[in-house]
Amino acid sequence: MSLRALITLFDDDALVALANNGLLRRAQKAVPDAQVQHFDDEHARVQTGGQTVTIPAGGPQTATCDCPATGVCSHILTAVLVLRESPEPTDAEPATPDAPTVSVSDWLAGLNADQLRKFAGADFDGAAVLAATAQVDQRGGNAQASFPSPEATVTFVAGQDLKAALYKGPATRKRLVVAAGAIALRDLAGVARDVPLANPSAAPAPDSETMDAILRALEEAIGQIFHGSAVLAEERLLDLAISAKVQSAPRLMGQLMTLSTQAGWAEAGDVRFEGGRFLAALSRTYALARAIRLCPDDTDLLGQARRSYQPVADMTLMCLGLHGWTTPNGARGLTAYFLDQETDEHRSATVARGAGMDLAFTAFQAYSNPLWGTPAASRLSGSFLVLENPLCAADGQISTGDKTRAKDIQPLRTSDIQNSPALIRRWSDLRADLRVRMGTGLRRAAAPVPSLILPHSISEPQFDDISQRYVWRATDTEGQTLDLTATPDDRPRLAKLHTQFPGAVALLVLTSVVGDDLIHEPVTLLLSSLGDVEAVDVKFRDLPAGSALARAKAGLLQGFQRLTGSSGTPLQTAFPAQVLSQLAEQCRHLQPDTLARLAEGAEARQLLVLADRLEGLKTHQAPEDILATAYLCQEAMMMLALAD
């Protein structure tokens, strides 16, 4: 491909991948003063900002500039921007026209599998697993794959080979991530893998040797993180997560990936790293790994969605809403949430694909696809229905099999929700209900727990820098508060949440454990429309503006809180969180006096097991002792979060 043709393929997204947004903005400002001194199919030279940029046939990645900056500078980006718009010289000899440019997706689909294996080398097996976690964005002829762990992106520019891919992330993981991105794009194009990724439920359980290696890595991570070798923990934990021997344990795989990401934050000095939170996450993973070693076939511990469905009598259900989701290991799906009219129990039904399976499947697609004979799953949200020939598992999950049929579908009435025993108006009642339904320890909320709530009011959102989530404070009729949270991606669709109460009928929320936090995520807003319920599933639709009364009350509440400094009654989890933070400091420098004070504080609060553990750490600081203490702290936080 000629240099002229290659330059046109470097759009702004590719230039950001080559450098960053800030440099691109600076480069754009310098375009009017830049001058093209030479430009043909093999070579280009541009004068800009008093510097000379030279771009050989290899393209912008191989460009050089005589300024003192290392790597890609703003002058190189300015040169590309100018050349992109540079017309063909009228006096040039006619050149042989370039062949039509093949898109990245088509090129990778046609790439010989042996060539990809040769490029990936020893990283191929890990890349095949990591590919399932990719988020792919195809932009014209180019494409980008992003990964949560390691935090990395790879941008493929049409007409360039794998070695020329634009990579951002840990330097030691470039080949792994580029290969994973290529595999993900081939999967999306429908190219069959020569060795298909195993379904977690069909893969063999991790053997004792693998589990022992994981336990050792988790113990060693304490010293590596808190004594300046975090990169060793980052790489080791990721290697274990993408090992073929861990694929039957997606829950463990996801936690190992999360720890690897946090270790990367520690290595980079990222403000998102917090020692106490890392210890809590490390202790949960350590406890899970020990449990799997003892019970390698326990599907709850492994995180496998393997259920036994049995025929039950026809069911009358209220569909409260639908929710799309993804997991750290790449599984994704759509879950519908129901209330059984006979038992007042919450039930659910899920359409999902495992990591690496049917990558064309998305929650948005499932939302629009037929379910139980209805034209689209979305039609069920906010409706009454009778389920004919249902199959149900012991945990309340309903099969989405073809033999089951939904009939007599009618809109829910507002009174159906308002008179339902499942509607929760006081947060003390919500916590009592969650204590029963969420379980304890490693079995706590293996799946998110749905609840139907009626807030009295909801405040405007605030961004939490630590959790990287938006938080809305919901107040009940007794003045107690409940934090509702959402990711930055979901924030735009929830922009008007604080204007909905009073006025809306109810809000469906999902409660789950994320890190060492108990989070409540808005899923579906139930509104009243001429006596019928209109369900707004927030993963798929934007919330409408609330009533004038709700908007006025929200403004008054915010003003009152600013005036008084009041933001409600926070949950009493401060002491265990303080202990976790201090434990992180103990991992850096042992301070027996601090441990003694913490033990006294735990005993005063009747946290007697935690007090004993803290006393023991004064003389024994083995990794397993530190992790056991951290696990007790985060368990105490969960219990206090659910306490009356």
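Annotation for the stretch 247-264 versus the stretch 140-160: alpha-carbon center distance of 22 Å.
A viscosity of 1.002 mPa s and a temperature of 20 °C, combined with the Kirkwood radius over Cα pairs in Stokes-Einstein, give a translational diffusion coefficient for the stretch 404-539 of 136 µm²/s. Quick one: net charge of V312's neighbours, Cβ under 12 Å, K/R +1, D/E -1? Here the count lands on -3. Separation of the stretch 584-632 from the stretch 452-486 is 33 Å, based on Cα centroids.
Near A127, once Lys and Arg are set to +1 and Asp and Glu to -1 for all other residues with Cβ below 14 Å from its Cβ, the sum equals +2. The value for the stretch 327-375 of Rg(Cα) / (2.2 N^0.38 Å) is 1.36.
Model label sites at A192 and A545, defined 7 Å from Cα along the beta-carbon direction, differ in position by 5.6 nm. Computed from backbone phi, the HN-Hα couplings of the stretch 574-590 come to 5, 5, x, 5, 5, 4, 4, 4, 5, 4, 4, 5, 5, 5, 8, 9, 5 Hz, rounded to whole numbers (Karplus: 6.51 cos²θ - 1.76 cosθ + 1.60, θ = phi - 60°; Gly and Pro given as x). The label point for K403 and the one for R379, both projected 7 Å from the Cα toward the Cβ, are 2.3 nm apart.
Set the Förster distance to 56 Å, then compute FRET efficiency between R437 and D41 from the Cβ-Cβ distance, nearest 0.05. Efficiency at R0 = 56 Å is approximately 0.25. Amide H contacts of L111: none lie under 5 Å away among residues 5 or more positions distant or on a separate chain (H built 1.01 Å from N in the peptide plane; Pro and chain starts excluded).
Seen against the Cα atoms of the chain and their longest principal axis, helix 548-564 is set at about 90 degrees. Under 8 Å for C-alpha pairs, at least 6 residues apart: give me the relative contact order for the chain, rounded to a whole percent. Over the chain, the number comes to 9 percent. A crude spin-label estimate for the pair T326 and R491, with each label 7 Å from Cα along the Cβ direction, gives 1.8 nm. T343 contributes an accessible area of around 70 Å² to the protein surface, as traced by a 1.4 Å probe with all chains present. Net charge dipole, the chain: roughly 740 debye, given to the nearest 20, about the Cα centre with Cβ charges of +1 for Lys and Arg and -1 for Asp and Glu. Remark: C-alpha extents of the stretch 594-644 on the principal axes read 36, 21, 15 Å, sorted largest to smallest. Using the Karplus relation 6.51 cos²θ - 1.76 cosθ + 1.60 with θ = phi - 60°, the per-residue 3J(HN,Hα) values for the stretch 101-110 come to 6, 8, 5, 4, 4, 5, 5, 5, 5, x Hz, with x marking Gly and Pro.
Overall shape of the stretch 143-297 was characterised from the C-alpha gyration tensor. The equivalent ellipsoid obtained from it has semi-axes of 28, 22, 11 Å, in decreasing order. Database remark: amide H of S528 closer than 5 angstrom to the amide H of V505, E534 (H placed geometrically; neighbours at sequence offset of 5 or more, or on other chains; Pro and chain starts carry no H). Protein-only accessible surface at a 1.4 angstrom probe places the residues E615, E274 in the order E615, E274, largest first. Compared with the alpha-carbon gap, the fully stretched path from N112 to R84 is longer by 6.9 nm at 0.36 nm per residue. Pick the calculated Cα extents along the principal axes in Å for this structure from (1) 85, 60, 58; (2) 97, 55, 45; (3) 82, 67, 59? After the calculation, the listed value that fits is (3). Which percent of the accessible heavy-atom area of the stretch 212-286 goes to carbon and sulfur, probe 1.4 angstrom? The value for the stretch 212-286 is 50 percent carbon and sulfur by accessible area.
Taking each residue as 0.36 nm, the span from F364 to N389 lengthens on full extension beyond its C-alpha to C-alpha distance by 6.3 nm. Report, ordered by chain and residue number, the lysines lying within cross-link reach of K163, taken as a straight Cα distance under 16 Å and ignoring same-chain residues fewer than 8 apart. Counting by Cα, and skipping residues close in sequence, K163 has these lysines nearby: K118, K174. S528: net charge of surrounding residues, Cβ under 13 Å, Lys/Arg +1, Asp/Glu -1, itself excluded? Within the 13 Å Cβ shell, the charges total -2. Phi angles of the stretch 111-116 translate, via the Karplus equation with coefficients 6.51, -1.76, 1.60 and θ = phi - 60°, into HN-Hα couplings of 5, 5, 4, 5, 5, 5 Hz per residue; Gly and Pro are given as x.
Once the Cα atoms are used to define both axes, helix 174-188 deviates from the longest principal axis of the chain by about 80 degrees. Please determine, in degrees from 0 to 90 and to the nearest 10, the orientation of helix 608-617 with respect to the longest principal axis defined by the Cα atoms of the chain, where the helix direction is its Cα long axis. Approximately 40 degrees, to the nearest ten. Of V386, P296, G269, which is farthest on the positive side of the dipole of the chain, counting Cα position, with +1 on Lys and Arg Cβ, -1 on Asp and Glu Cβ, and the Cα centre as origin? Looking along the dipole axis, the top candidate is V386.
The values are calculated or read from the model by the stated rules, or taken from the named source; none is laboratory data. All of these numbers come straight from a predicted model, not from anything done at the bench. Note: ideal-geometry Cβ built from the backbone for every residue, glycine included; neighbour counts use all protein chains shown. Side chains are part of the model used for accessible areas, which takes the heavy atoms of the whole protein and leaves out ligands, DNA and RNA. Shrake-Rupley method; radii C 1.70, N 1.55, O 1.52, S 1.80 Å.
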